[in-house]
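Visitor: Please find one structure pasted underneath; my questions will follow.
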Amino acid sequence: MTFKVELSDLSLSYEGVRVLEKISFSVGEGDFIGVIGPNGSGKTTLLRAIARVLRPESGAVFVNGLNINQLSRREIAQNIAVVSQETNMVFSFTAFEVVLMGRTPHASRFKIEDQDDFVIAEEVMTITDTWHLADRPISELSGGEKQRVMIAQALAQKTRFLLLDEPTSHLDINHQLQILSLIRNRSREGLAVVAVFHDLNLASRFADTLILLQDGRIHINGLPEEVLTVKNIGEVFGVDAHIEKHPATGEIYIYPLLNAEPVIRGHNT
Amino acid sequence: MGLKRKTRYLILAVLSLALVLAVIVGVSIGSVQIPLMTVAGILYKAPTGFVEAVADRSMAARYETIIMDVRLPRVILTAIVGAALASAGVVFQGLFKNPMADPYVIGVSSGAALGATIGIAFGLDVFWGGALTVPILAFVGALSATLIVYKIARVGGSIPISSLLLAGLAVNAFLTAITTFIMVSVGKDLQSVIFWLMGGLSARNWTHIQIALPFFAIGFPIAWVFSRDLNIMLLGDEKALHLGIEVEKLKKILLVIGAMMAAAAVSVSGLIGFVGLMTPHAVRLMIGPDHKLLLPASALTGAIFLIFADIMARVLLSPTEIPVGVITALFGAPFFLYLLRVKRRILT
């Protein structure tokens, strides 16, 4: 069965302020969508709404044609895995234990983890370069190591849809490329991905299409070279940019320019 | 995985054995010293009636009376109370994601205290010839206070931990004020109120076990079934949602279960501090945070700890009994600090 998540006219307010306004798009198998936009434009809120952490005021999310409100938490977790920006652990589980928790949506309450779960945990920890951290308490890991462990946990969920909120914000350049390549490869194999990016260049390089958010609305949705134009970046971020296209790969690269005064648009972060 | 499965079973086996030994020691020690082997013999044969475990028949009969009517019920009740307090502590600490959370934080103690005070101060003799009046009122008070705190703390459909703790604090203060007011205004038999408030296990019999045991026997397995959920809750509410946990429903269930176990303990033994706070903490320092092991290990450790605390309460100033809550605080606090120094593996 093919997999598809559709957002239809999703609107959401938070403490009286409209934070998402009629958002519609769909994600299918193998799609890798990057969400970009200034601070406070609704990127994280969008992910939380898709995963039903927040309930929309109007509009709905459909998973394979079913309204997500009709699914149980467990069914949602079997379909959608989420990697949030920060995870704070009060008690110190080991990295392996944390990754193993990713198997929860597939486990019966009365059954303990079996060999299959251990195999999956080892596999996802190996590809996220965290297997050597398996026995370390998660609270003792660095920000980047913790982030990779949380990505491993989400992969252990073995879902068909992955939501990532700035998945590489704490990673060094090597692990950034490694993790994003890994996710792109998974996407090529059929995983649907929606990822919030802070770094426009990483977004354009890894995502197939980009959604540019401004004040909770979709400013433009399209291919990286359609979205990341001097005009759009100027309108949404208030920054003059110079954009170059790599002659061989066709990838675009954005240089924010300092010669103009950045426009203050009065956003709260 | 943390600890291998074999290690886990070994830990529980060792603790169970230690509990059996603690029960035997607890029964043996008192104003009349009964040799350990005699105790073991009598307890072992108790289910099939008393057989000559002791040479002198009249002596044996006396021992049997002391053991079966006085010491054994007390020691068993002590074990139940210790296990219930420790289990409630594990549940609340996991639920609040706060290693300093305590069964009493959510109002169980002040509610129980108020209920008991009403019973004692007004000399109520309502349930089963009066013997159960105080425990039952304490239990009703504990559950009511928990319910009030829970209702106040609710914001929309959820219970933020901070508002829960604040509501618990306010309700605790209010109920304690009423308790004190009643004590002062009635002014009779304050001795027993005070002793009760400090926690005591003297003159407890099989009836008290019948009150406390069902609540623990129901609450504990339910809590254990949710141990994986408790683990995941430690990743935060939102991550728990993402992993398929019905977080708000889970909080309600665990709150009721925890309150039930704590109230069961408080209603038969008064306010025994430190067991619910310290036991889970100490056990977690030694075996890690996995609730599947932490919960049973804490229950066993709480039972063992309270049995030894009660032995000290009986013998230290014999024939005068010290409230066992005094002992748990005296020994609990330094032990806790020692563990904190030796092994810092709890807080990030």
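Visitor: Can you report the principal axis dimensions of region B:34-342 using only the alpha carbons, biggest first, rounded to whole angstrom?
Guide: 68, 48, 37
Visitor: Among A:ARG136, A:ARG48, A:ARG148, which one moves the most in a GNM of chain A with springs linking Cα atoms closer than 10 Å?
Guide: Its mean-square fluctuation being the largest, the pick is A:ARG136.
Visitor: Lys/Arg Cβ at +1, Asp/Glu Cβ at -1, dipole of chain A taken about the Cα centre: which of A:PHE3, A:SER204, A:PHE237 is farthest positive-ward?
Guide: So the residue furthest toward the plus end is A:PHE3.
Visitor: Given A:SER58, B:MET198, B:LEU294, which one lies farthest toward the positive end of the charge dipole of the protein assembly as shown, if we put +1 on the Cβ of every Lys and Arg and -1 on the Cβ of every Asp and Glu?
Guide: Of the candidates, B:MET198 comes out farthest on the positive side.
Visitor: Connecting C-alpha atoms closer than 10 Å in a GNM of chain A, tell me which of A:ALA241, A:ALA51, A:ALA154 has the biggest fluctuation.
Guide: A:ALA241
Visitor: If you don't mind, another one. Amide H of A:VAL19 versus every other amide H placed in the peptide plane: which residues, excluding those fewer than 5 positions away on the same chain, fall under 5 Å?
Guide: Distant-sequence amide H within range of A:VAL19: A:LEU12, A:SER13, A:TYR14.
Visitor: To continue, here is another question. For region A:20-78 and region A:89-168, what is the separation of their Cα centres, given in Å?
Guide: Result: 23 Å between the Cα centres.
Visitor: A further question on this structure: Whole Å is fine, so just give me how far the alpha carbon centre of region B:259-288 lies from that of region A:190-207.
Guide: Value for the Cα centre distance between the two parts: 49 Å.
Visitor: Here's another thing I want to ask about it. Averaged across the residues of A:49-62, what count of C-beta atoms belonging to other chains lies within 10 Å of each residue's C-beta? Please list the in-between numbers first.
Guide: Details: counts 0, 0, 3, 2, 5, 0, 1, 0, 0, 0, 0, 0, 0, 0.
The per-residue average across the peptide is 1.
Visitor: Hey, what did chain A get for relative contact order, percent, Cα under 8 Å, at least 6 apart?
Guide: Computed value for chain A: 24 percent relative contact order.
Visitor: Then there is this: Could you tell me which GluC sites (Glu not before Pro) in region A:116-218 are loop residues by DSSP with no more than 10 other beta carbons within 10 angstrom of their beta carbon? Spell out each step's value before the answer.
Guide: Numbers: sites: A:GLU122, A:GLU123, A:GLU140, A:GLU145, A:GLU189; in loops: A:GLU189.
Answer by residue number: A:GLU189.
Visitor: Kindly provide the Kirkwood hydrodynamic radius of the protein assembly as shown in Å, to one decimal, from all pairs of distinct alpha carbon atoms. Don't jump to the answer; show the numbers that get you there.
Guide: Values: mean 1/r = 0.0365 Å⁻¹.
Evaluated on the protein assembly as shown, it is 27.4 Å.
Visitor: Kindly provide the helix-only [θ] at 222 nm of the protein assembly as shown, computed as the sum of -39,500 (n - 2.57) over DSSP H runs of four or more divided by all residues, to the nearest 500 deg cm²/dmol?
Guide: Values: 24 runs with 333 residues, N = 617.
Calculated mean residue ellipticity at 222 nm is -17500 deg cm²/dmol.
Visitor: Let me ask something additional. Ranked from the most accessible area to the least, with a 1.4 Å probe and all protein chains present, what is the order of A:ILE33, B:ILE222?
Guide: These residues rank, largest area first, as B:ILE222, A:ILE33.
Visitor: Taking each residue of A:92-105 in turn, how many C-beta atoms of other protein chains fall within 10 Å of its C-beta, and what is the average?
Guide: On the way: counts 9, 8, 6, 0, 2, 6, 5, 0, 4, 8, 3, 2, 9, 4.
Per residue, the average neighbour count from other chains is 5.
Visitor: Nearest 5 is fine: what % of DSSP beta bridges in the protein assembly as shown come out antiparallel, could you say? Don't skip to the end; give the middle numbers.
Guide: On the way: 27 of 44 bridges.
If we restrict to bridges inside the protein assembly as shown, about 60 percent are antiparallel.
Visitor: Give me a comma-separated list of calculated 3J(HN,Hα) values for region A:240-253, in order, Karplus coefficients 6.51, -1.76, 1.60 applied at θ = phi - 60°, integers in Hz, x for any Gly or Pro.
Guide: After applying 6.51 cos²θ - 1.76 cosθ + 1.60, I find 6, 9, 10, 10, 10, 10, 5, x, 8, 8, x, 5, 9, 9 Hz.
Visitor: Can you compute 3J(HN,Hα) from phi for each residue in region A:21-36, using the Karplus curve 6.51 cos²θ - 1.76 cosθ + 1.60 with θ = phi - 60°, rounded to whole Hz and x for Gly and Pro?
Guide: Karplus-based 3J(HN,Hα) across region A:21-36 equals 10, 6, 8, 9, 6, 9, 10, x, 3, x, 6, 10, 9, x, 10, 10 Hz.
Visitor: Using only the Cα atoms of chain A, each taken as one equal point scatterer with no solvent, compute I(q) by the Debye sum, divide by I(0), and report log10 of the ratio at q = 0.08 Å⁻¹.
Guide: Ignoring solvent entirely, the Cα scatterers give -0.34.
Visitor: In what sequence, highest mean first, do B:323-334, B:224-235 appear when ranked by Cβ atoms within 10 angstrom? Please report the intermediate quantities before stating the final value.
Guide: Numbers: B:323-334: 19.8, B:224-235: 21.7.
Most protected by this proxy first, the peptides run B:224-235, B:323-334.
Visitor: Here's another thing I want to ask about it. Which residue fluctuates most in the GNM of chain A (Cα springs below 10 Å): A:PRO38, A:PRO247, A:PRO256?
Guide: Sorting by GNM fluctuation, first place goes to A:PRO247.
Visitor: According to a simple spin-label model (label point 7 Å from Cα along Cα-to-Cβ), what is the distance in nm between A:ILE173 and A:GLU140?
Guide: 3.1 nm
The values are calculated or read from the model by the stated rules, or taken from the named source; none is laboratory data. Predicted, not measured: the structure shown is a model, and the values here were computed from it. Methodologically, a virtual Cβ is constructed for each residue, glycine included, from the backbone with ideal geometry; neighbour enumeration extends over all protein chains shown. Only protein heavy atoms, including side chains, enter the accessible area calculation; ligands, DNA and RNA are left aside. Shrake-Rupley method; radii C 1.70, N 1.55, O 1.52, S 1.80 Å.
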